[in-house]
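Engineer: Structure in structure tokens, see below.
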Amino acid sequence: MYTIDALTINAKNWEDINWIDIENADILKVLLNELRQRRNTTYFKWVKGHNNNLGNEKANELAGQGANKEETDQVSMKVNKKFKIEGARLQSLTFKTAYRNIVKHYEGAMTENTKSRVEDAQDEVERTTGIRPDREKIWTSLTKEPISRNISDFIWKTIHNSHRCGQFFINIPDLADRAQWRMCGDLETMEHIIIHCEENGRKQLMEHVQKTWEEINKNEGNTEWIEPTIGIIRGLGTISFWDRERPLTQKSNLYKVLISEAIWTIWKTRNARCIKEEIITSPNMIHRWNQAIRLRILVDRSTITREPFAE
Ligand SMILES: [Zn+2]
């Protein structure tokens, strides 16, 4: 059963995660490759063992012979490249799985589109902070504080353009109308949702976020604000504020927290409206964001300053 399930049900998912942490991956990959080379569909049927089934008896016999050999045979583990599915299908990876995979496979498996999105993130971070992060830092920074795990995953998917919205639905006949955002009628790309939409409450929330930022930083006299673009979001982990030569870690962390929680609020709101048909106003969104930030402050007092959120 294990083998049948592995080949018929699990294989596709396992290929998607590039077989990371899957037992017997080497053998299963070869088996799968053999099956794909057949010209016909292969069906599997489980049979009870030791029950006078010819194929089963023969298989037992061979297994017995194999087990009694003095030396093990060399089994060819070669695969036919034509039938090999290369690399992780990064689109479906969660950040955690992908991160474990990075060292081994990641650079090589990145698509050109992903590369250009990462490059845009590098450009945007450089444009606004004066420091160009290297490519690897764009994603490794996502594993670090203070961006929370689920939002890191969200940003990771945004780098890979793998959310189910907009373009994703256009080619699916029954769902094509989901491509349009029903509040404004524009094509619902991730960039539209979190950066450009004028109708989904994003604008009011972002204004509130910026005001909050300025409020916190006004004592220090420098309220310089980095307007988030899609590149800034994708490179968010690498944003840093400086006082000449001195990195302002707290300030940088504050920015990351405020922005990451804001895009998360926008995305969750969008889903609640789209999927659960909830009605959420922009004051609701601001309220949710405030609560998320309060919670962050309770959990992690050292990361961000308390003041404007004190109740
Ligand atoms: Zn819109």
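Engineer: Which percent of the Cα-Cα distances in the stretch 2-83 go past 17 Å?
Structural biologist: 61
Engineer: How charged is the neighbourhood of Ile159? Take every other residue with its Cβ under 9 Å from the Cβ of Ile159, and add Lys/Arg as +1 and Asp/Glu as -1.
Structural biologist: Net of charged neighbours comes to +3.
Engineer: I would also like to ask the following. Take the solvent-accessible surface of the protein heavy atoms, probe 1.4 Å, and return the percent of it on the stretch 2-83 that carbon and sulfur atoms account for.
Structural biologist: 50
Engineer: Note down the magnitude of the dipole of the stretch 2-83 about its Cα centre, charges +1 on Lys and Arg C-beta and -1 on Asp and Glu C-beta and zero elsewhere, to the nearest 20 debye.
Structural biologist: The calculated dipole for the stretch 2-83 is roughly 580 debye.
Engineer: Which pairs, out of Lys157/Lys218; Lys157/Lys276; Lys218/Lys268, put more than 26 Å between their alpha-carbon atoms?
Structural biologist: Cα-Cα > 26 Å for Lys157/Lys218; Lys218/Lys268; rest within.
Engineer: Next question, about the same structure. Using packing as a proxy for protection, rank 145-158, 252-265 so that the peptide with the highest average count of other Cβ atoms within 10 Å comes first.
Structural biologist: Result, highest mean first: 252-265, 145-158.
Engineer: Probe 1.4 Å, all protein chains in place: accessible area of Thr249 in Å², nearest 10?
Structural biologist: Approximately 90 Å² for this residue.
Engineer: Ok, one more. Using 1/(1 + (r/R0)^6) with R0 = 30 angstrom and r between the beta carbons of Asn56 and Asn13, what's the FRET efficiency to the nearest 0.05?
Structural biologist: So the FRET efficiency works out to roughly 0.55.
Engineer: Using mean Cβ contacts within 10 Å as the protection proxy, how do 1-11, 22-32 order, highest first?
Structural biologist: 22-32, 1-11
The values are calculated or read from the model by the stated rules, or taken from the named source; none is laboratory data. A quick note: this is a predicted structure, and the numbers were derived from the prediction, not measured. All Cβ positions, even for glycine, are placed from backbone atoms using ideal geometry, and neighbour counts span all protein chains on display. In case anyone asks, the SASA skips ligands and DNA or RNA and just uses the protein heavy atoms, side chains included. Shrake-Rupley method; radii C 1.70, N 1.55, O 1.52, S 1.80 Å.
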